[in-house]
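See below for the structure under consideration.
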Amino acid sequence: MIIRTTTERMDVELDTEEKVIWVIQRWKCRFVSERYRDKWKEQEKKNFRINTRGFIEAIWGKAAHFTVESCSGNKFNVMYGGTAFLVKVRLEFVEAGEHWTAVIYKQYNPIQYGFVSWFHREIYLTEKPWTNPLGVRNPDGSEAAMQIIVAHEFGHTIGNSGDHVMGSGKNQYTGDEYKPDSVFYKDKCSIMNEGSELRSRHFIYLRDLLHSMVPGTQFSLTMGGVVDLIPWD
């Protein structure tokens, strides 16, 4: 059985046979060259798509499980109570029917960057948003895993874009955590800050979608084999 929901910014499929929750996004790419820069070659466009898909799916997929908390109540709970569903990501590049428009700039400045407009469903990136990674050090001084810019920006597209995402006003949808006014400012290793590590809070928007897909069912989130508790209210 597949339970599916379609939104403007992503589709979510809960596959009970494969025990997988698919987060599916479709991007339409628009390749732009700054003045006097070479035009985009087809191989360069292909390489961008391959690398973008590879980094996003590797970093955000296979890191989290949602488990059905109760074995009683509705029919879904009775059938799948205690079952863990792996969260996986599938990124598709399309010419129409997109969730997001990705505008990719070929520029003179070697510094890579990106940003997301949640309301306009637009992603702005430079040509190689994985070759100039940001990085921080762990508390013990050792080098922390470096951030891949395109993976950080993907985090915004799946709900980590601040309170305005659903207009809830509950401070539950984190945005850019590197901003000084963020309550997670000190968590430098977070992918929504300056690092590369995923946190349970980065999946709250997905959790809320799952609850709307399966009314009466509560899901608990497991990250890296350790149950990471999230407030349900």
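Please treat every number below as a calculation from the coordinates, not as lab data. Because the structure is predicted, anything quoted here is derived from the model rather than measured. Glycine gets a Cβ as well: all are built from the backbone with ideal geometry, and neighbour counts include every protein chain shown.
Things to note:
- Within the straight-line cut-off of under 20 Å between alpha carbons, the lysines reachable from residue 45 are 28, 106, 128, sequence neighbours fewer than 8 places apart in one chain being disregarded.
- About the Cα centre, charge dipole magnitude for the chain (Lys/Arg +1, Asp/Glu -1 at Cβ), debye: 580 debye
- In summary, the aspartates and glutamates within cross-link reach of residue 88, defined as a Cα separation below 14 angstrom excluding same-chain residues under 8 places away, comprise 11, 13, 15, 18, 57.
- The radius of gyration of the Cα set in the chain, together with its Dmax, comes out at 18.5, 65 angstrom.
- Residue 19/residue 98 FRET efficiency (R0 35 Å; Cβ-Cβ; nearest 0.05): 0.75
- Three-way shape call for segment 48-98 based on the alpha-carbon gyration tensor, with the a/c threshold at 1.5: oblate
- Positive-end extreme of charge dipole, the chain - chosen from 193, 146, 66 (charges on Cβ): 146
- Proxy reagent accessibility, fewest Cβ within 10 Å first, across 176, 11, 38: 38, 11, 176
- Vicinal HN-Hα couplings computed from phi for segment 23-39 (Karplus, 6.51 cos²θ - 1.76 cosθ + 1.60; Hz; Gly/Pro x): 9, 10, 10, 10, 10, 9, 8, 10, 9, 10, 10, 5, 4, 6, 8, 4, 5
- With all pairs of separate Cα atoms included, segment 65-130 yields a Kirkwood hydrodynamic radius of 15.7 Å.
- Computed 3J(HN,Hα) for segment 78-92, one whole-Hz value per residue from the Karplus formula 6.51 cos²θ - 1.76 cosθ + 1.60 where θ = phi - 60°, is 4, 7, 10, x, x, 7, 9, 10, 6, 7, 10, 10, 10, 9, 10, glycine and proline marked x.
- For residue 179, the lysines whose Cα comes closer than 19 Å to its Cα, not counting residues fewer than 8 places off in the same chain, are 170, 188.
- Extension reserve of the residue 212-residue 41 stretch, reckoned as 0.36 nm per residue once the Cα distance is removed: 57.2 nm
- In nm, spacing of pseudo-spin labels at residue 6 and residue 186 (7 Å Cα→C-beta vector): 4.6 nm
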